[in-house]
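A.B. asks: To start, I am sharing the structure in question, which I have written as structure tokens.
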Amino acid sequence: MHNHSHQHHHHEEEHSHNHQTHLQKKFKIAVFVTFFVFLGEVIGGIWSGSLALLSDAAHVMSDVISLLISWLAIYLSTRPATSSRTFGYHRAEVFAAFLNGVSLIGISGWIFYEAYNRYNSPTEIKVTGMFIVACLGFVANLFILWQLHGESHGNLNVRSAVLHVIGDTLSSVAVVVGGAIIFWTEWYPIDAILSFLIGGVILFGAINVTREAVHILLENSPRNADAHTVAKHLCDLDAVKDVHDMHIWSLCSNYSALSAHVVIHENTTLAHDQILQQINTELQQRFGINHTTLQLEQVACTQAGNLLCNAQHS
């Protein structure tokens, strides 16, 4: 005898849709502000001759592209599922995060290359222009961070975009510091040294975001929901004897799914609906798993996989 259950939280999905619409508005503002920062830093970098400022401008341009990609991904994620895309467009956000991460790695490499050349051949820099433009960029970046930072928790796509902006904010700080040092000491190599530091910060964050995106795209189990750990917790429920053929994966950074065959004790007094409710509650509250497909069995099917918890209940 088999009993199937499909669980999905429709109320949460409606709330998520409204939140995504609000998030799109924040990204729209961030794109326009960032684009004007880019124009200002390109003009200021060429006029002052500051590599740190031009490096920052390149990063700002990548911010614009990153924010546009993230904005598009958020829009796509609000579109309903179709017969050919039964989970909708949730993966668009993860793919956007992957693209942003890879682009950041490339940008950091370019910064390292240019900084190396500038360190070997320091050039005179117009400090005043460098300082003014960097200060304006810093203020604009703080505004964008204020807009987006609270949205980055649990959303890899937003986190990747915020990482771009954080890197740019640090770049602005480095340019201001470099401008002050050059003004007082005329030690021009500091421009290249600070560019190296900027590249290092960007690279570190980019590797983390890219690795997390690849983890999800390869459909690995969520970090907080190892299959053996989940099976063990399910087998601690009185009605559950074994769990097999379990699969756990993430559609995006805040939406996880699970399918499994659950063998129940023959002498359990609970109705199947009650057992399913217990299991779904455990999965949702303890592991944040939003979507489940469960098959209840009183005898393990012949296609049982290797993941068996073999729980012993007294």
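Bear in mind that the values in this text are calculations on the coordinates, not laboratory data. Everything numeric in this text was worked out from a predicted model, so none of it was measured. In this analysis, Cβ positions are derived from the backbone assuming ideal geometry, glycine residues included, and neighbour counts consider all displayed protein chains.
A.B. asks: Between V201 and T229, how many nm apart are label points set 7 Å from Cα along the C-beta direction?
C.D. replies: 3.2
A.B. asks: Connecting C-alpha atoms closer than 10 Å in a GNM of the chain, tell me which of L197, L76, L218 has the biggest fluctuation.
C.D. replies: L218
A.B. asks: As I understand it, the dipole of the chain uses +1 on the Cβ of Lys and Arg and -1 on the Cβ of Asp and Glu, about the Cα centre. Which of A180, L104, G200 lies farthest toward its positive end?
C.D. replies: Projecting each Cα onto the dipole axis, the largest value belongs to A180.
A.B. asks: Treat each spin label as a single point 7 Å out from the Cα along the C-beta direction, and report the L72 to K126 distance in nm.
C.D. replies: About 3.6 nm, to one decimal.
A.B. asks: Next question. If you fit an axis through the alpha-carbon atoms of helix 272-287 and take the longest principal axis of the Cα set of the chain, what angle between them do you get, 0 to 90°, nearest 10?
C.D. replies: Long axis of 272-287 versus the principal axis of the chain: about 20 degrees.
A.B. asks: Dipole size in debye (nearest 20) for the range 227-297 around its Cα centre, Lys and Arg Cβ +1, Asp and Glu Cβ -1?
C.D. replies: Roughly 260 debye for the range 227-297.
A.B. asks: Taking the radius of gyration and the Kirkwood hydrodynamic radius from Cα positions alone, what is the Rg/Rh ratio for the range 103-244, to two decimal places?
C.D. replies: 1.22
A.B. asks: Separate question: Please work out the FRET efficiency for the pair W187 and L136, using the Cβ-Cβ distance as r and a Förster radius of 30 Å; give the result to the nearest 0.05.
C.D. replies: 0.80
A.B. asks: Ignoring chymotrypsin sites (Phe, Trp or Tyr not before Pro) that are buried or in helix or strand per DSSP, and keeping those with at most 13 other beta carbon atoms within 10 Å, what is the longest stretch of the chain between them?
C.D. replies: 188-314
A.B. asks: Mind putting a number on the dipole of the range 11-217 about its Cα centre? Charges go on the C-beta only, +1 for Lys and Arg and -1 for Asp and Glu, and I need it in Debye to the nearest 20.
C.D. replies: Roughly 380 debye for the range 11-217.
A.B. asks: Rounded to the nearest 0.05, what FRET efficiency do V102 and T281 give with R0 = 45 Å and r taken as the Cβ-Cβ distance? Could you check?
C.D. replies: 0.70
A.B. asks: log₁₀ I(q)/I(0) of the chain at q = 0.08, 0.10, 0.15, 0.16 Å⁻¹, via Debye over equal Cα point scatterers, no solvent, to two decimals?
C.D. replies: -0.49, -0.66, -1.05, -1.15
A.B. asks: Which distance in nm do the two modelled labels at N220 and H22 give, with both placed 7 Å along the Cα-to-Cβ direction?
C.D. replies: Output for this residue pair reads 3.3 nm.
A.B. asks: Now, a different point. Set the Förster radius R0 to 51 Å, insert the Cβ-Cβ distance between S259 and A180 as r into 1/(1 + (r/R0)^6), and round the FRET efficiency to 0.05.
C.D. replies: It comes out at approximately 0.30.
A.B. asks: Which three numbers, in whole Å and largest first, are the semi-axes of the equivalent ellipsoid of the range 227-297 derived from its Cα gyration tensor as √(5λ)?
C.D. replies: 21, 12, 10
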